[in-house]
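Single-structure report; data block below.
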Amino acid sequence: GSAHGDERANHQHSLSMICWIKIVWGVPVHVDTPRIEDVLAGQSRFRVDTCAPHLGVVGQLIRLAAEPHGYILAPQIEFLPLNGAGLGRSCTINQGGLATARAMAQEAQPGARIQLFHLNLRHPDPAALAAQLLPQLRTVFTHYRLEVDLARLETAIAQALTP
């Protein structure tokens, strides 16, 4: 597949997992996409040149942090499964894009709950994904008073990834 096709498929998998969390565990979920105004708002925070996606995520997290929320989940996708079309490495991991955005958003809104977590989708296996996500999302599960163990998370991910 093309890089764009794989990217869209991964985005769909991510949305499926998020929606499954809502359905299975009743967690309120809102999926947000960056807006042009987020890029412009993020740009005002930098004195150096950086890319539009980096500017956008900074503006987006600052905007979301100012809105009522339970937890803002910020996945740092490290690798995408491109089936040999490239390494599949995400550029924002090199810049610390989400970590920078989280720090700036929490500076602007000290009460913001933003959970940054790393996600390797190179091999989208439910067991591997559950092992990656469980320790990183414990704080979120605790916030929503959810008792989630590895087996339960793996089952939910497997169901979410099933077309």
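What number comes out for the charge environment of THR139, summing +1 per Lys or Arg and -1 per Asp or Glu over other residues with Cβ under 13 Å away?
Local charge sum for THR139: +3.
According to a simple spin-label model (label point 7 Å from Cα along Cα-to-Cβ), what is the distance in nm between HIS69 and ALA151?
Those two pseudo-labels are separated by 3.4 nm.
Taking a ≥ b ≥ c as the square roots of the eigenvalues of the Cα gyration tensor of the range 99-149, is the shape rounded (a/c under 1.5), prolate (a/b larger than b/c) or oblate?
Here the range 99-149 falls in the oblate category.
At 0.36 nm per residue, and after removing the present C-alpha to C-alpha distance, how many nm does the segment from ALA103 to VAL31 gain when stretched out fully?
Numbers: separation 72, 0.36 × 72 = 25.92 nm, distance 2.08 nm.
Working it through step by step, the gained length comes to 23.8 nm.
In µm²/s, what is D for the range 62-163 at 20 °C and 1.002 mPa s, where D = kT/(6 pi eta Rh) by Stokes-Einstein and Rh is the Kirkwood radius from Cα pairs?
Result for D is 143 µm²/s.
Once amide H atoms are placed 1.01 Å from N in the peptide plane, what residues at a sequence separation of 5 or more from ARG89, or on another chain, have their amide H within under 5 Å of its amide H?
When sequence neighbours closer than 5 places are left aside, the close amide H contacts are LEU80.
Whose amide H sits under 5 Å from the amide H of ALA74, counting only residues 5 or more places off or on another chain, with H placed in the peptide plane?
GLN115, LEU116, PHE117
We did not get these values from a lab; they are worked out from the coordinates using the rules stated. None of these values were measured; they are calculated from a predicted model. Cβ coordinates were reconstructed from backbone atoms using ideal geometry, including for glycine residues, and neighbour counts include every protein chain displayed.
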